[in-house]
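Enquirer: My questions all concern the structure below.
Laboratory data are not the source of any read-out in this text; all were calculated from the coordinates shown. Nothing here was measured: the structure is a model prediction, and the numbers come from that model. All Cβ positions, glycine included, derive from the backbone under ideal geometry; neighbour counts span all protein chains shown.
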Amino acid sequence: MLKKLFQSLRSPLRRAKHTRSTPEVLSNRQHPLRRGQNISRHATSVVERLQHAGYQAYLVGGCVRDLLLDLEPKDFDVATSATPEQVRAEFRNARVIGRRFKLVHVHFGREIIEVATFRAGHPQGDEDENSHLAARNESGRILRDNVYGSLEEDAQRRDFTINALYFDVTGERILDYARGVHDIRNRLIRLIGDPEQRYLEDPVRMLRAVRFAAKLGFEIEKHSAAPIVKLAPMLRDIPAARLFDEVLKLFLAGYAERTFELLLHYGLFAPLFPASAAALKHNPGYTERLIRQALANTDLRIQQGKPVTPAFLFAALLWPALPARAAQLQARGLAPIPAVQEAAHELISEQCQRIAVPKRFTMPIREIWDMQERLPRRSGKRADLLLENPRFRAGYDFLLLRESAGDDTGGLGDWWTDYQDASDSERRRMIRDLTSSPSDSSGAPRKRRRGGSRRRRGGDGTGTPAGE
Ligand code: ATP
Ligand code: MG
């Protein structure tokens, strides 16, 4: 099937219908964007400097889109006719980055303005004289994309119509080649050109469609939505390091819960998180509750300006897959605790083949999970030692998360909530109560405390395999 699709790619490009060779130009009477208002002064200065040096330069992409929607842009991207080397020559504080796609980063303290040279869509096949600059694999996926082009060509090779708007800061004009303003008005995510072809060129565009739909509350236009379910498995071929970056953007932008729903709807979750997708099938209630709650907590923390860690997120996404994996290993003769340890190791390393989670995050995933086994064991000095553990907080939050998804821990979360607030003498009493209890060896408190209504200290979490 893919071969057939690729053959169809060899026919003349079919993307013309969404783009125009002359843009619709909106003057400042027709749009609300103003130089100096909500626009980074560094971005403005980069544009002006390039224009002054004789190049074309515009603000482009997400910042123009977000400004039109009255949202605060995450960052400011510049598109220019200057090559990366020419851009670098204009700025002392500039660095050329990227291979697949060469860009210049201009640094101003902590702010980075990303400057990209206008690019052209390029012919298929390897015989092309530019093949060292631009290349595709046999399914049409773009491997390198460094053929420079005109502004019109640059607009055509962008992903969505709403991302192909250019703002000339000096003249306060918006150039619209792809009816992006129309789609912003109608709240539509629409690929430029033939959707299937554009997804084959770069399957990550399917994730981007979902990300923008969730973030902006837009709908994916029906022709752009139609091929996604069929093409979703192509994400398996995307380099794991790139997918890690994309997954963070999906889940750490403040719209993770809605994004998760859309990923499920379009069949994009399984190729990213195969073990979690299997857990969603085998144990749907618990798995969905736990993942949703973790994502909702993440969204809330971002809204409140609190820090979030990818480790916690990955710990939650993978946790529901642990019990089944540990059970398999036990069935092959491993003792329960080593089976859990081995299952954790296997799950994380398999996940890393899909999504390259760096070591600095995989270590804490394990620690958050290990904590779940340790939190029930509180006798003697153990509770105080655990409190001092730098991973306690994440472990405790994870415990609450598990409980909120339906794990019965015998009120362990409430116990730890009380313990953190208790005075020294109260703490000693709490530990004594444990040791006098027959259930102490498991660490579970004697009876459940008033569940649910208590004020809890956190909202995130960690643990050992539990299952429903
Ligand atoms: P945000 O920064 O808010 O997440 P954005 O639209 O600015 O959204 P970036 O990833 O910063 O997204 O990319 C900047 C612009 O580059 C996009 O608006 C789009 O025009 C273009 N672009 C990015 N990725 C792709 C892609 N995979 N295919 C085609 N064009 C792309
Ligand atoms: Mg951007």
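Enquirer: Nearest 10 degrees, 0 to 90: what angle lies between the long axis of helix 284-303 and the longest principal axis of the chain (Cα atoms)?
Expert: Tilt of helix 284-303: around 60 degrees.
Enquirer: For the stretch 214-309, build the convex hull from the C-alpha positions and give me its volume per residue in Å³.
Expert: 109 Å³
Enquirer: Grab the other residues whose beta carbon is less than 14 angstrom from that of residue 82, score K and R as +1, D and E as -1, and report the net. The partial results should precede the final answer.
Expert: Numbers: positive: 49, 88, 102, 119; negative: 48, 85, 90, 114, 154.
Once all neighbours under 14 Å are counted, the net charge is -1.
Enquirer: Looking at 322, 23, 59, which one has the Cα that reaches farthest to the positive end of the dipole of the chain (charges on Cβ: Lys, Arg +1; Asp, Glu -1)?
Expert: Going by the Cα projections, it comes out as 322.
Enquirer: Kindly express, to the nearest 10 degrees and within the range 0 to 90, the angle between helix 412-421's C-alpha long axis and the longest C-alpha principal axis of the chain.
Expert: Roughly 90 degrees, rounded to the nearest 10.
Enquirer: Can I ask one more? What trypsin sites (Lys or Arg not before Pro) does the stretch 324-373 have in DSSP loop regions with at most 16 other beta carbons within 10 Å?
Expert: Values: sites: 325, 332, 354, 359, 360, 366; in loops: 332.
Here the sparse-neighbourhood loop sites are 332.
Enquirer: Going down the list 74/306; 249/306; 74/359; 74/102; 230/359, which pairs span over 25 Å between their C-alpha atoms?
Expert: Numbers: 74/306 17 Å; 249/306 17 Å; 74/359 27 Å; 74/102 21 Å; 230/359 33 Å.
From the list (74/306; 249/306; 74/359; 74/102; 230/359), the Cα-Cα distance tops 25 Å for 74/359; 230/359.
Enquirer: May I ask you to order 377-389, 39-51 by the average number of other C-beta atoms within 10 Å around their residues, highest value first? List each step's numbers first, then the result.
Expert: Working: 377-389: 14.5, 39-51: 18.9.
Result, highest mean first: 39-51, 377-389.
Enquirer: If one computes the Cα centroid of the stretch 162-188 and of the stretch 189-263, what distance in Å separates the two points?
Expert: 21 Å
Enquirer: Measure nothing fancy, just the Cα-based angle from helix 392-405's long axis to the longest principal axis of the chain, in degrees from 0 to 90, nearest 10.
Expert: Approximately 90 degrees, to the nearest ten.
Enquirer: Also: Out of the trypsin sites (Lys or Arg not before Pro) in the stretch 186-264, which ones are loop residues according to DSSP with at most 16 other C-beta atoms within 10 Å? Could you put the intermediate results ahead of the total?
Expert: Values: sites: 187, 190, 198, 205, 208, 211, 215, 222, 230, 236, 242, 249, 258; in loops: 187, 190.
In loop regions of the stretch 186-264 (DSSP not H, G, I, E or B), the sparsely surrounded trypsin sites (Lys or Arg not before Pro) are 187.
Enquirer: Also: Compute the distribution of all C-alpha to C-alpha distances in the stretch 199-266, in bins of 10 Å from 0, and list the percent of pairs in each, rounded to whole numbers.
Expert: Over the stretch 199-266, the share of Cα pairs per 10 Å bin runs 21, 57, 22, 0 percent.
Enquirer: Quick one: give the max-minus-min coordinate of the C-alpha atoms of the stretch 145-275 along each principal axis, largest first, in Å.
Expert: 52, 32, 26
Enquirer: Once both labels are modelled 7 Å past Cα along the beta-carbon direction, what's the residue 328-residue 93 spacing in nm?
Expert: Taking the simple label geometry, residue 328 and residue 93 are separated by 5.1 nm.
Enquirer: Just subtract the alpha-carbon distance of residue 27 and residue 433 from 0.36 nm times their residue separation and send over the number in nm, one decimal. Walk me through the intermediate numbers first.
Expert: Values: separation 406, 0.36 × 406 = 146.16 nm, distance 7.44 nm.
Working it through step by step, the gained length comes to 138.7 nm.
Enquirer: What are the extents of the Cα atoms of the chain along their three principal axes, listed from largest to smallest and rounded to whole Å?
Expert: 81, 50, 40
Enquirer: Sketch the reach of a paramagnetic label on residue 248 as a point 7 Å from Cα along Cα-to-Cβ, and name the residues of the stretch 271-312 whose backbone nitrogen lies under 13 Å away.
Expert: Under 13 Å, as judged by backbone N against the label point of residue 248, lie 308-312 of the stretch 271-312.
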